Amino acid sequence: MGGLRPTPWGGIRRPQSALLLALLPVLAGEAVAQSQWVMVGRNAELRLFVDRGNVVREGDIATMQQLVDYTSAQWVGQKVIMSVRNVVEYDCAKRKVRTVAGAGYSEQLMRGIPVSEERLPAAEWVEVPVGGTPEQLWNIACGRG
């Protein structure tokens, strides 16, 4: 995603301004209507969804897709992003999280054209803080919420 870096919670930010652009998963092709996407939060800038129907668990590691749907355009260079889907891994035993893939789309709800895509198989694990959205997402992925 040329010049973009992942945030610990699955988002994308510009290194220069640290502007949060996203919080959610990548595996292109699967439409929102075909998944079990559930809204877990919203504010004036965005709506946050998770795909509860496709959480994959291998030992202590749970993988869940997240979608950030923006209410206004997010600019990355000359490109506009209106939604971002991330693939996020959760270590349910160690209470850690990392984003391993992400894709930005030109329209809301992963519609339009893919604007950017990145895979991060060696992404660093970070602690999940107590309280708030990060803990809520960890609880969902790990089957605790």
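General observations
- Matching residues, the stretch 50-83, being assigned to a strand (DSSP E or B), in contact with a Gly (Cβ under 9 Å, 6 or more places away or on another chain) and within 19 Å of residue 138 (Cα to Cα): 57, 62, 66, 68
- Enumeration of residues in the stretch 93-145 that are closer than 19 Å to residue 42 by Cα and of a type in the set (Gly, Ala, Ser): 104, 131, 132, 141, 145
- Count of the stretch 84-96 residues which are under 13 Å from the mean Cα position of the chain (by Cα) and without any contact (Cβ under 8 Å) to a residue 40 or more places away in the chain: 1
- Test result for residue 80, over 15 Å from the mean Cα position of the chain (by Cα) and within 15 Å of residue 46 (Cβ to Cβ): yes
- The stretch 97-108 - residue that is part of a strand (DSSP E or B) and without any contact (Cβ under 8 Å) to a residue 40 or more places away in the chain and, of those, surrounded by the most Cβ atoms within 10 Å (Cβ to Cβ): 105
- Some residue of the stretch 81-94 being charged (D, E, K, R), under 23 Å from residue 37 (Cα atoms) and in contact with a Ser or Thr (Cβ under 6 Å, 6 or more places away or on another chain): yes
- Positions within the stretch 109-142 being surrounded by fewer than 17 Cβ atoms within 10 Å (Cβ to Cβ) and within 18 Å of residue 35 (Cα to Cα), in sequence order: 111, 112
Each reported figure results from applying straightforward, stated rules to the coordinates on display, with no laboratory input. Note that the coordinates shown come from a computational prediction; the quantities given were computed from them, not determined experimentally. All Cβ positions, glycine included, derive from the backbone under ideal geometry; neighbour counts span all protein chains shown.
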